[in-house]
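Contents: one structure, followed by commentary.
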Amino acid sequence: MNNNFFEVLRPGINTTYQDKGRFHMQHLGVAPSGCMDQKSYLIANKIVSNQNQEGVLEFAYQGPLLKLTKGKTKFSITGNVIFKIIKSNNETINGECNRSYDLDEKDQLDILATKDSVYGYLAVEGGFAVTPFCNSISTLSRANIGPNNGKKINLKDKVFFKKDRQQKNNFSIDVLSEKNNVIRVLKGPQFNYFSKTAQKEFFSQEYKITNLTDRMGMRLEGKGLENIVSTNIRSEGITKGAIQVPEDGQPIVLLTDHPTIGGYPKIANVISSDYDLLVQKIPGTNIEFKCIELKEAEEAFKIYYDKISKDLNNISILK
Amino acid sequence: MFKKLSNIGDCGIVCDFGDEVNQKINSNVIKLFHHVRKQVLKGNLKGILNYTPSYNKLIINFDLQKINSSTIIDFLESVDFSQLSFSQNKKKWEIPICYDFAMDLKNISKTLKIDENEIINIHLKTIFFIYMVGFIPGHPFMGDLDSKLFLNRLKTPRVKIPAGSVGIVEKFCNIYPYESPGGWHIIGRTPTKLFNTKDNSNPCLLSPGDIVKFKSISKKEFENLNNE
């Protein structure tokens, strides 16, 4: 067994192992989890020549400070992240996202903050050495599922990685960031539970993303929506991106770590192609919802996915 | 047979079996769930990621990159319900319960004007059917309790309920797999672990459609089992 590891000198706010997600278990109460921003996840792996399903570390707002105690590696950071590399001779390099860097023994990686965004990703060449549970290394901290006993990364933890640096070259990918605050949705199964006025208001008003937002859900603040049928429904399965409206009329978008079933009426559902964009919005941001049809959503997903594929193929060697 | 198929978002299908909540309708939901799951595990319907049965609905979630809703709807519409079986997947469980850990037995007894021992007897006599598992990992929703024990949720939910607590609401009974907040009336506690995060092949004890009967144990037996 390889013994390469980082030591955690500062854990960051919400640093967890994640990958594509854990599936085929929602009927047992296990939410998919996985990386919130799948696009940044895929890019992080590609830059360090990993398989696209390899696990990464996800962090929110403030990332970890890691010391490479043993071994040498190549890493990438994606998202919109401010970070520094502190070499063992105290030389400091200001890091750039969407490219790889070499890291040697005794170097430190200081992931200071995500900028105008929530989540960032750290991938290392070859991946982290953690044990999967039911085919995924994703952490679901609410249920203690995943590596590290299902917990967030903590101070003094050791973060093991599978192998020493192999690849000589470093790579980069040009990623264009989107700045749109309009999130497209499909009508939800209980859309008709809301009054005509509420239906109109939902699509015409701005919603503020509140601080009560995490991997499980995003609470929004706006003019309360009037429910004319019932504020409770028979519990039913939850789909990522569902927008439920409890009694107080304030919508909650259910995110990657959502409960598997729920009993509030759902007015709408965020389309798959706008999900990455939504989860990166910081609290305080005002967003709007635009209603589209299923065909348009499927078309939008094609465009979203083609764009990621194009980005992934546009990898270039750094000179 | 389902009554209606519809989309939920662009990567979900709802199979709606009607408004009623009873074991007959739920058995159809679970039959379809087993059928879909079997097909997916066989490697058919590539791209289906999850299939979540609830009282009267089955929700199927999928990866839009690999499959789309019309393919799944075509598949669902071709399902012959008369060919689906249920019994082979049904497991029977005996779950130990210690009623000494009840938090609400006294209040229930007062509200319903039924003796505490009688409440326990009704609970022990009931053969529970698992309608669904979820909200959090391993959490079963079981029925049907005698209508004599019908109760609404607690007006003020508790902030913390210990893991293993057994609760009742309406005609349903649940077991809290994790320490969590909750609004059910707690009548006892089980030492049985419902979800094992270290067991890759079979992490979850109970599945939708399984049958559960409770067995009364003493506090001492509870502690012995709990320490195992």
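Every number here is computed from the coordinates shown, using simple stated rules; none is lab data. Not measured: the values here are computed from a predicted model. Note that we place each Cβ from the backbone using ideal geometry, even for glycine, and neighbour counts take in every protein chain shown.
Amide H to amide H distances under 5 Å link B:D210 with B:K91, B:I130, where only residues 5 or more positions off or on other chains count and H is placed in the peptide plane. The listed peptides A:220-226, B:55-61, ordered by packing as a protection proxy, come out as B:55-61, A:220-226 (highest mean of other Cβ atoms within 10 Å first). Taking the Cα atoms of the protein assembly as shown, the ratio Rg/Rh between the radius of gyration and the Kirkwood radius comes to 0.99.
Residues A:T16, B:T197, ranked from the fewest to the most other C-beta atoms within 10 Å, line up as B:T197, A:T16. The simple Förster model, with R0 at 25 Å and r as the Cβ-Cβ distance, assigns A:C291 and B:Q39 a FRET efficiency of 0.15.
How much length is gained if the chain between B:K160 and B:E77 is pulled fully straight, taking 0.36 nm per residue apart and subtracting their Cα-Cα distance, in nm to one decimal?
This chain segment gains 25.5 nm when fully extended.
Take the Cβ atoms of B:L124 and B:D63, set R0 to 41 Å, and the FRET efficiency comes out at 0.35.
Run lengths n ≥ 4 of DSSP H only: what is the helix-derived mean residue ellipticity at 222 nm for the protein assembly as shown, with -39500 (n - 2.57) per run over all residues, to the nearest 500?
Computed mean residue ellipticity for the protein assembly as shown: -5500 deg cm²/dmol.
Among A:I252, A:I77, the order by Cβ neighbours within 10 angstrom, fewest to most, reads A:I252, A:I77. Please give me the summed charge of the neighbours of B:I59: other residues whose Cβ is under 12 Å from its Cβ, Lys and Arg +1, Asp and Glu -1. Net charge in that neighbourhood comes out at +1. For B:N7, nonlocal amide neighbours, meaning residues 5 or more places apart or on other chains whose placed amide H falls under 5 Å from its own, are B:V14.
Per-residue shielding of B:198-210, expressed as the average number of other chain Cβ atoms within 10 Å of the residue Cβ, stands at 2. Where in the range A:67-101 does the amide nitrogen come within less than 19 Å of the point 7 Å from the Cα of A:K115, taken along Cα to Cβ? Output list for this probe position: A:76-86, A:92-101.
The dipole here belongs to the range A:213-319: it is taken about the Cα centre, uses +1 on the Cβ of Lys and Arg and -1 on the Cβ of Asp and Glu, and is about 300 debye. Listed from fewest to most Cβ neighbours within 10 Å, the set A:R234, A:R184 follows the order A:R234, A:R184.
The overall shape of the range A:182-308 is rounded: from the C-alpha gyration tensor, with semi-axes ordered a ≥ b ≥ c, the ratio a/c is less than 1.5. For the pair A:I282 and B:N227, label points projected 7 Å from Cα toward Cβ lie 5.3 nm apart. Amide H to amide H, with H built 1.01 Å from N, A:G188 comes under 5 Å of A:A268, A:N269, counting only residues 5 or more places away or on other chains. For the peptide B:61-69, the mean number of other protein chain Cβ atoms found within 10 angstrom of a residue's Cβ is 4. Length available on full extension from A:K196 to A:E7: 0.36 nm per residue minus the Cα-Cα distance, which gives 62.4 nm. Which FRET efficiency value, to the nearest 0.05, is calculated for A:E226 and A:K151 with the Förster distance at 45 angstrom and r the Cβ-Cβ distance? E(calc), rounded to 0.05, equals 0.60. Note on A:T210 and A:E299: the extension gain reaches 29.0 nm, defined as 0.36 nm multiplied by sequence separation minus the Cα-Cα distance. Note on the range A:135-163 and the range A:217-254: Cα centroid distance 31 Å, given to the nearest whole angstrom. Evaluating 6.51 cos²θ - 1.76 cosθ + 1.60 at θ = phi - 60° for every residue in the range A:235-248, the Karplus couplings come out as 3, 9, x, 9, 10, 3, x, 5, 10, 9, 10, x, 3, 6 Hz, glycine and proline recorded as x. Projecting the Cα atoms of B:L145, B:N200, B:A163 onto the dipole axis of the range B:92-226, where Lys and Arg carry +1 and Asp and Glu carry -1 at the beta carbon, places B:A163 farthest toward the positive end. Between A:T92 and A:E105, the simple spin-label model (points 7 angstrom out along Cα→Cβ) gives 2.6 nm. Cα centroid separation, the range B:1-67 to the range B:137-210: 24 Å.
Across peptide B:43-55, the average count of Cβ atoms from other chains found within 10 Å of a residue's Cβ is 5. When a/c reaches 1.5 or more, the comparison of a/b and b/c decides; with that in mind, is the range A:203-242 rounded, prolate or oblate per its Cα gyration tensor? It is oblate, given that a/c is not under 1.5 and a/b is not larger than b/c.
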